[in-house]
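For reference, the structure is listed below as C-alpha cells.
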C-alpha cells in the first residue's frame, strides 16, 4: 500500500513540475516531463509485472509468464487488477490442476474483468473445465455466455473447438453405454 501511495505522489509531483516548467517558459523540458509524467502515471495505475505476464502469455511463453506472475504482490493490486491476476493464474494452471484453475477463474470473474472478451475467455476456460468433468449442461451454458460476450468474434474458433470436444465427448459417452448394453445382452 505504501509503494502505491509513493508512486501516486511521485506522479503528482511530476505533473506539478511539468506545469511549472510550462509556466516559466521551458517548453522543451516541459514536453520531456509530459512523457515522464505519463510513464509515472501508468506505472502507478498498472502493475508492470502483470503487464509483462500478459505479454509473455500472448507470446505463448508460459514459463516466463509464471515467473512474472510469481513476482506480483496480490495485496498491492487494485481490485480489477486482482481479477486479471487470478485470470492469468487460472489460465496458466489449466494444464496442471483443473480444480485450482476453476477456483481461480471463478474468483477472477467475481472480482471483475474490464473487457467483455476477457470475461468470455474466462468463461471459455471454465467451460473446458466443466467438459473435462463431464458436466455437459454446465459447459454448454458457459459456452452460450461466452458467445454472447464475444461480440467481436475473437474467440470464435476456440468456442467451436470446445463445442466439438463437448459433442465428441457426449457421443463417446453414449457410444460407451450402448456398447455396454450390447455386451451385457450378448453374455446372457
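Of note:
The rows are residues; the columns are (1) within 16 Å of residue 98 (Cα to Cα); (2) assigned to a helix (DSSP H, G or I).
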position	(1), (2)
134	yes, no
151	no, no
159	no, yes
164	no, yes
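- Number of the condition not met by residue 126 [criteria: (1) modelled with pLDDT of 85 or more; (2) surrounded by fewer than 16 Cβ atoms within 10 Å (Cβ to Cβ); (3) in contact with a helix residue (DSSP H, G or I) (Cβ under 8 Å, 6 or more places away or on another chain)]: (2)
- Residues satisfying the stated conditions in segment 122-169, i.e. at positive phi and more than 18 Å from the chain's Cα centre (by Cα): 134
- Which listed residue is over 27 Å from residue 49 (Cβ atoms), in contact with a helix residue (DSSP H, G or I) (Cβ under 7 Å, 6 or more places away or on another chain) and either assigned by TED's automatic domain parsing to the domain that holds residue 52 or touching a residue at least 24 places away in the same chain (Cβ under 8 Å) (or both), from 102, 145: 145
- Among (1) surrounded by fewer than 18 Cβ atoms within 10 Å (Cβ to Cβ); (2) modelled with pLDDT under 85; (3) within 17 Å of the chain's Cα centre (by Cα), the one test that residue 67 misses: (2)
- Every residue from segment 1-38 that is under 25 Å from residue 73 (Cβ atoms) and part of a loop (DSSP other than H, G, I, E, B): 1
The values are calculated or read from the model by the stated rules, or taken from the named source; none is laboratory data. Remember, it's a predicted structure, so these values are computed and weren't measured experimentally. All Cβ positions, even for glycine, are placed from backbone atoms using ideal geometry, and neighbour counts span all protein chains on display.
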